[in-house]
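Here is the structure we will look at.
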Amino acid sequence: MKRTTWEKMVDAVVSYAVQKLGDFLIEEVSLRQSLRENVHWLRNELSFMQAFLKDAEKKQAEDHLVQQWVFEVTSVANEAVAILEAYSLDAAKDGDHAAGFVDRLKACACICQKEAKFHNIGKDIQSLKERVMDISRNEIPMVLFTSIIMLEKDQLFVGFQEVFQRLLDELLKEESRRNVLSIYGMGGLGKITLARNLYNSPHVLSSFQIRAWICVSQQYSTPDLLRRIIKSIEGCSEEMLKLLKEMSERDLETHLRNLLQERKYLVVVDDVWHREAWDSLKRAFPDNNNGSRVILTTRKEDVAERVDDKGFSHKLRFLKKEESWNLLCKKLRPENKMVGADLFSPSMESLAKDMVEKYRGLPLAIVVLGGLLSYRKGVDEWQKVKTHLWQHMKNDSVEITHILSLSYNDLSFELKQCFLYLGIFREDEVIDTAKLMYLWLAEGFIPRIREDDMDDIAENFLHELISRSLIQVAGTFFGKILTCRMHDLLRDLAVQKAVEVNLFDIYDPRVNSALHFVTDMLFMHNLKVKSS
């Protein structure tokens, strides 16, 4: 299908802006570091957005949000070009000077004027950067998350529909006080999946002015948690990062409280292990009597029941037998790589039902089992999986760690390295898949297979880890996977195995006396080079 003249024009505008920003970086070697970084950031963001313009242009006729997004991106691109061309025109006027004394004085004055122009262009570029961040934060999410919400409801949301609706009603009910909704249960039951579906619900998106998500975990730093919430609300400009770095815990608490004071907000506080963690954060969440909410997830019942005397807590149950079977079938059928005719022969169905029953309705274990079986061909291979699991039975059930380890051991050597590398990312961190694949390539994890493009191989590796349920899709855009994340139990496995094979070491500043790092832990390669 040929692209219209208008579609070509939009693409040309953005392409020209990307080129102009790149030329500016090359020509103006004396740029201040902050300006250079902002120009580079803007160029990369526009280049990234350009990759989706073709699909966006096709869909904008049927989706007003996409139409608005295309308009905003084009507008930013035009303004970027106008700013750079205005600067170039001024620079040309200040150009050629003679060699006389007076002209040298003029040249000195010209340098000062150029610095002033850099200051002005810096403000303009910063303003554009903030607009791009607003576009990403306020206009993309509904399109960005639609497909993943449907995916999770289909595959990982079996048995939770009623719970989801009940909690959604609690979030949206007409009660003005700030309420805390606690979701608790053992690891792998689906607390994060449930919380994420609530967080990304269209009803929630339209009801709350501000949303933020933080993962606390067992080891935490209150100032770091406060900084992360503030950055998710205000963005990450150089000035903001510098300001936050210099703030004390009390200053951060006051700053966040002021940000939220007059606005209706939803904050997810994920993976809380100790009540003290909540106590150290709750003062920053004002009760404005405007219906603000906090969702808290924890494995511990005593934490869930005591964070808010008037709040609402829900204990996640295990899946029923029929729900467990339905979840395994949903995992196997769409992604299955085997010949369809033999997929559910009576013998294979019997094996699958025996195995799924031993996981006693634990969703994470069931989807990982489904991911493993989908890459095993035939009855004999499925029997081998069952035999292995039966060797590790305890009290007539199989511990989740064994299916996770078995699924890891089923990977190729190269895919194991890619999986283990994910351990360098923070717990529950949303990972840019393009960056992740570049890192795999840079580390030499992606093999060169005949004439196949190594980028394609990296993308195939990513898709295999997702289809095996070893990593989860976090965000998509028109079918393209943009971000992913890792369940904390699988991340624990990745870290454990990576240390065993000496892929990287763990440096924990809480144990070793040294500088405090932004991340909870600093991971280093076995060559002692800090990983990015």
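Set side by side, the residues 330, 315, 300 differ, and just one is among the charged types (D, E, K, R), under 20 Å from residue 171 (Cα atoms), open to solvent by 40 Å² or more (accessible area, probe 1.4 Å) and touching a residue at least 60 places away in the same chain (Cβ under 8 Å), which is 315. Taken together, 2, 54, 58 contain a single residue that is of a type in the set (Lys, Arg), in a loop (DSSP other than H, G, I, E, B) and modelled with pLDDT under 75, which is 2.
The residues of region 189-202 that are over 16 Å from the mean Cα position of the chain (by Cα), surrounded by 21 or more Cβ atoms within 10 Å (Cβ to Cβ) and either part of a loop (DSSP other than H, G, I, E, B) or of a type in the set (S, T, N, Q) (or both), listed by number, are 189, 190. Contact map, region 127-139: residues that are closer than 14 Å to residue 39 by Cα paired with residues that are open to solvent by 50 Å² or more (accessible area, probe 1.4 Å) and modelled with pLDDT of 80 or more, Cβ distance under 7 Å, separation 6+ or inter-chain. Pairs shown: 128/79. Filtering region 232-244 to residues that are within 23 Å of the chain's Cα centre (by Cα), farther than 17 Å from residue 125 by Cβ and of a type outside the set (A, V, I, L, M) leaves 232, 234.
Listed conditions (1) touching a Phe, Trp or Tyr at 6+ places or on another chain (Cβ under 7 Å); (2) within 21 Å of residue 351 (Cα to Cα) are all met by residue 381, apart from (1).
Surrounded by 15 or more Cβ atoms within 10 Å (Cβ to Cβ) and not in a strand (DSSP E or B): is that true of residue 267 in this structure?
So residue 267 fails the test.
If only residues of region 281-312 that are of a type in the set (S, T, N, Q) and more than 21 Å from residue 227 (Cα to Cα) are counted, the one that is modelled with the highest pLDDT is 298. Scan 220, 184 and give me the residue that is aromatic (Phe, Trp, Tyr), at pLDDT 90 or above and more than 30 Å from residue 40 (Cα to Cα). From the options 220, 184, the qualifying one is 184. Against the list (1) touching a residue at least 60 places away in the same chain (Cβ under 8 Å); (2) surrounded by fewer than 21 Cβ atoms within 10 Å (Cβ to Cβ); (3) not aromatic (Phe, Trp, Tyr), the condition residue 466 fails is (1). Taken together, the residues in region 385-431 that are open to solvent by 60 Å² or more (accessible area, probe 1.4 Å), free of Cβ contacts under 8 Å to residues at least 60 places away in the same chain and β-branched (Val, Ile, Thr) amount to 2.
Among the residues of region 290-317, write down those that are part of a helix (DSSP H, G or I) and touching a helix residue (DSSP H, G or I) at 6+ places or on another chain (Cβ under 9 Å).
Listed by number, the residues that qualify are 302, 303, 306.
Considering the conditions (1) farther than 22 Å from residue 126 by Cα; (2) at pLDDT 80 or above, residue 72 is excluded by exactly one of them, (1). Please verify whether residue 285 is open to solvent by 70 Å² or more (accessible area, probe 1.4 Å), among the hydrophobic types (A, V, I, L, M, F, W, C) and in a loop (DSSP other than H, G, I, E, B), treating the condition exactly as stated. No; evaluated as a whole, the condition is false for this residue.
The values are calculated or read from the model by the stated rules, or taken from the named source; none is laboratory data. Everything numeric in this text was worked out from a predicted model, so none of it was measured. Note that each Cβ is placed from the backbone with ideal geometry, even for glycine, and that neighbours are counted across all protein chains shown. For the accessible areas, the whole protein counts, side chains as well, though only heavy atoms, and no ligand, DNA or RNA atoms are used. Shrake-Rupley method; radii C 1.70, N 1.55, O 1.52, S 1.80 Å.
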